[in-house]
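Q: Structure in structure tokens, see below.
The values are calculated or read from the model by the stated rules, or taken from the named source; none is laboratory data. Just so it is clear, the model here is predicted, and its values are computed rather than measured. FYI the Cβ positions are ideal-geometry reconstructions off the backbone, even for glycines, and counts take in every protein chain you see.
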Protein chains: 2
Amino acid sequence: MISSRVRLARNVAGFPFIARASGDVRSQVIQQVQSALRGTFQGRQMRHVNVETLAMLDSQFLMERQLISRELARGDGPRAVVISEGERHSVMINEEDHLRLQVLHSGLALEECWRECDALDDLIESQVPVAFHPKLGYLTACPTNVGTGIRVSVMLHLPALRLTKDIQKVHQAAQKISLAVRGLYGEGSQALGDFFQISNQVTLGKSEADLIGEVQEVVQRIVEWERRNREFLLTKNKSQMDDQVARAYGTLTSARSISSEETMHLLSSLRMGIRLGLIENLDAGTVNELFIHTQPAHLQKLQGETLETEKRNLARATYLRRRLNLTSLG
Amino acid sequence: MISSRVRLARNVAGFPFIARASGDVRSQVIQQVQSALRGTFQGRQMRHVNVETLAMLDSQFLMERQLISRELARGDGPRAVVISEGERHSVMINEEDHLRLQVLHSGLALEECWRECDALDDLIESQVPVAFHPKLGYLTACPTNVGTGIRVSVMLHLPALRLTKDIQKVHQAAQKISLAVRGLYGEGSQALGDFFQISNQVTLGKSEADLIGEVQEVVQRIVEWERRNREFLLTKNKSQMDDQVARAYGTLTSARSISSEETMHLLSSLRMGIRLGLIENLDAGTVNELFIHTQPAHLQKLQGETLETEKRNLARATYLRRRLNLTSLG
């Protein structure tokens with residue numbers, strides 16, 4: 001289990017939706033929302049970031065931290081994000097909808113996410129009129145979000161389900177009950193590093209609590225499924241697992257050049273190895289951090305300079321060797 | 001450069017060739033030749049091995065040491081090999097011809113090989129009548145060997161030519177002047193570990209000295225070609241080479257299970273890395289030895305037991321880690 005997330009889609013009443021909003025309208029939306037989020041939320045200072053004028057590296061950085069979507073990062077026109085101290089809460093302004101509220105928690109903590117997201121929504125709605133229809137509920141740019149406007153998602157690390165190919169069955173089972181299984185960066189992204197995001201697709205006709213309950217129940221079943229698959233692999237293919245984990249470690253600590261994708265793939269093996277007790281002297285926290293720090297923008301931030309792909313691959317390999325060689329393989 | 005080899009094909013006069021020789025004839029051939037090779041040759045004790053009754057593991061072992069061919073190892077009926085102390089000289093009996101004399105030397109030493117092989121031939125011919133035609137020369141089972149019956153070959157390690165794909169041009173150029181380029185185990189075998197064997201194909205109408213001169217000249221050109229390619233790679237793709245060599249080392253020292261083929265491939269990178277000065281604290285002698293010791297029969301001999309493929313792969317990985325971890329990557 002990695003993290004839980006609740007996001008709400010909202011639109012400011014009296015303004016056209018994003019697809020038909022002028023630059024002027026967008027700027028007014030930003031102004032209204034930013035004004036509502038001045039100061040603190042639940043004791044946390046709010047940081048206001050103008051995404052339109054942000055350097056590419058910085059918007060990529062926020063994307064890697066799951067604080068903004070690819071759509072907001074790569075879009076154009078006036079757009080912004082408001083982020084709380086500690087990065088648990090964020091509000092994207094002028095993404096697909098005027099507002100996308102998000103709350104992230106580590107572990108399976110959807111109810112906490114929902115409570116805080118609801119409070120954040122209350123704070124905004126107390127100052128900004130939001131488009132709401134008495135029968136349909138919250139109005140959104142895409143009909144799939146109409147109603148509660150909620151998306152409840154949990155990011156899971158499922159290397160064993162991928163290895164046994166049972167992940168296909170997870171996809172099928174999820175689809176049947178209208179849940180989506182996506183990759184690390186949401187819609188349309190690949191399952192890099194065996195990270196899968198489980199989320200609801202329906203937002204209409206069910207309460208937020210029902211949706212959260214459904215996702216929670218399915219996630220628990222998938223986690224159990226992953227656990228059984230790990231046990232199976234450990235029993236039936238112990239030496240193959242040992243080999244895979246040891247080779248991943250060997251490559252990560254010796255490569256002189258390595259892509260982000262290969263890194264994610266190998267770190268995934270390492271993470272599984274730790275969970276299965278196949279590696280000692282290396283903690284999951286380090287590996288979780290490496291997943292983030294070896295991504296392109298983070299790596300460049302750490303290096304303090306902009307680097308082309310090839311130089312990034314060299315820097316990534318050096319960084320990995322330095323971080324992992326501090327520990328030794330058991 | 002790895003090693004030079006000269007082999008001579010001979011048949012005992014008055015006996016049918018192998019394809020039509022009865023078990024009784026084959027046994028008589030063995031008797032005559034063994035009797036001619038009793039005692040010592042050039043001060044070296046001769047060891048007589050009955051290949052027909054040899055355990056599979058032992059014949060595979062002799063094959064890996066280049067002392068017998070796959071054909072002799074896997075064939076049937078009475079057959080044998082006589083090997084000198086130090087393994088430089090060997091005489092296969094009842095392979096494709098009644099006799100296959102072989103002399104191996106490390107480095108480019110075809111003339112030494114030829115001189116010793118000629119002396120070995122003299123020793124045999126002084127006691128065994130050999131099929132010889134005044135016009136055609138030595139008679140052999142396959143017409144391609146008629147005449148001198150000689151095959152002159154040099155085994156080369158050509159990783160850079162393979163990496164740059166220039167090895168294709170080597171093949172073409174060699175073919176034009178009737179030289180063959182083959183893999184580690186001769187005819188029909190793959191170029192495992194980037195080892196290529198260059199040898200003459202014509203045996204008729206040229207003297208042994210001419211054939212040796214031709215192969216020698218071509219080998220020198222190929223060696224020079226390989227050297228230029230290594231320099232090119234080192235100049236243009238230094239970081240890629242560093243990466244390849246370091247990853248090979250990383251995998252060889254961390255894998256928990258590894259096939260013979262992958263081992264050869266990775267050792268080839270390591271060997272090149274040593275030659276290019278990309279690795280310190282590891283000598284080419286160790287790597288050359290590992291090429292031999294990690295092969296299936298050698299590995300089982302070292303373990304002192306017969307092992308199935310999967311267990312061999314585990315044992316090979318353990319052996320490699322033990323041998324390579326004694327040294328450290330510079």
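Q: Assuming A:Phe196 fulfils every condition listed in (1) closer than 18 Å to A:Val219 by Cβ; (2) assigned to a loop (DSSP other than H, G, I, E, B) apart from one, which condition is it?
A: (2)
Q: Within segment A:4-24, track down each residue that is crowded, with 16+ Cβ neighbours inside 10 Å and touching a helix residue (DSSP H, G or I) at 6+ places or on another chain (Cβ under 9 Å).
A: Applying the first criterion (crowded, with 16+ Cβ neighbours inside 10 Å) to segment A:4-24 yields A:4-12, A:15, A:17-18, A:21.
Passing the criteria: A:Ser4, A:Arg5, A:Val6, A:Arg7, A:Leu8, A:Ala9, A:Arg10, A:Asn11, A:Val12, A:Phe15, A:Ile18, A:Ala21.
Q: Spot the failing condition for B:Leu329; the list is (1) within 11 Å of another protein chain (Cβ to nearest Cβ); (2) buried (at least 18 other Cβ atoms within 10 Å of the Cβ); (3) at pLDDT below 95, and only one is missed.
A: (2)
Q: Additional query: If I ask for residues that are among the β-branched types (Val, Ile, Thr) and surrounded by 14 or more Cβ atoms within 10 Å (Cβ to Cβ), which ones from segment B:44-60 would you list?
A: B:Val49, B:Val51
Q: Check A:Thr203 against each of (1) within 14 Å of chain B (Cβ to nearest Cβ); (2) over 22 Å from A:Leu184 (Cβ atoms); (3) among the hydroxyl-bearing types (Ser, Thr, Tyr) and name the one condition it does not meet.
A: Looking at each condition in turn, A:Thr203 falls short on (1).
Q: Considering only segment A:284-298, state which residues are in contact (Cβ under 8 Å) with a residue 12 or more places away in the chain and out of contact with any His (no Cβ under 7 Å at 6 or more places or on another chain). Walk me through it before giving the result.
A: Residues of segment A:284-298 that are in contact (Cβ under 8 Å) with a residue 12 or more places away in the chain, as a first pass: A:284, A:286-288, A:290-298.
Those that are in contact (Cβ under 8 Å) with a residue 12 or more places away in the chain and out of contact with any His (no Cβ under 7 Å at 6 or more places or on another chain): A:Ala284, A:Thr286, A:Val287, A:Asn288, A:Leu290, A:Phe291, A:His293, A:Thr294, A:Gln295, A:Pro296, A:Ala297, A:His298.
Q: Show me the helices (runs of 4 or more DSSP H) entirely contained within segment B:213-313 in which 3 or more residues are within 14 Å of chain A (Cβ to nearest Cβ).
A: B:238-252, B:260-275
Q: Answer yes or no: is there a residue in segment B:191-206 that is of a type in the set (Ser, Thr, Tyr), surrounded by fewer than 16 Cβ atoms within 10 Å (Cβ to Cβ) and assigned by TED's automatic domain parsing to the domain that holds B:Cys142.
A: no
Q: Scan (1) surrounded by fewer than 24 Cβ atoms within 10 Å (Cβ to Cβ); (2) touching a residue at least 24 places away in the same chain (Cβ under 8 Å); (3) over 25 Å from A:Gln28 (Cβ atoms) for the single condition A:Pro134 breaks and write down its number.
A: (2)
Q: Continuing with this model, one more query. Kindly list the number of the only condition in (1) among the small types (Gly, Ala, Ser); (2) closer than 30 Å to B:Asn325 by Cα; (3) surrounded by fewer than 16 Cβ atoms within 10 Å (Cβ to Cβ) that fails for B:Ala209.
A: (2)
Q: Identify, please: which residue in segment A:175-190 is crowded, with 18+ Cβ neighbours inside 10 Å and of a type in the set (A, V, I, L, M) and is, among those, modelled with the lowest pLDDT?
A: Filtering segment A:175-190 for residues that are crowded, with 18+ Cβ neighbours inside 10 Å and of a type in the set (A, V, I, L, M), the one modelled with the lowest pLDDT comes out as A:Leu184.
Q: Which ones in segment B:66-92 are among the small types (Gly, Ala, Ser), closer than 23 Å to B:His293 by Cα and out of contact with any Lys or Arg (no Cβ under 7 Å at 6 or more places or on another chain)?
A: Within segment B:66-92, B:Ser69, B:Ala73, B:Ser90 meet the criteria.
Q: When you scan segment A:224-261, how many residues do you find that are of a type in the set (Asp, Glu) and surrounded by 16 or more Cβ atoms within 10 Å (Cβ to Cβ)?
A: 3
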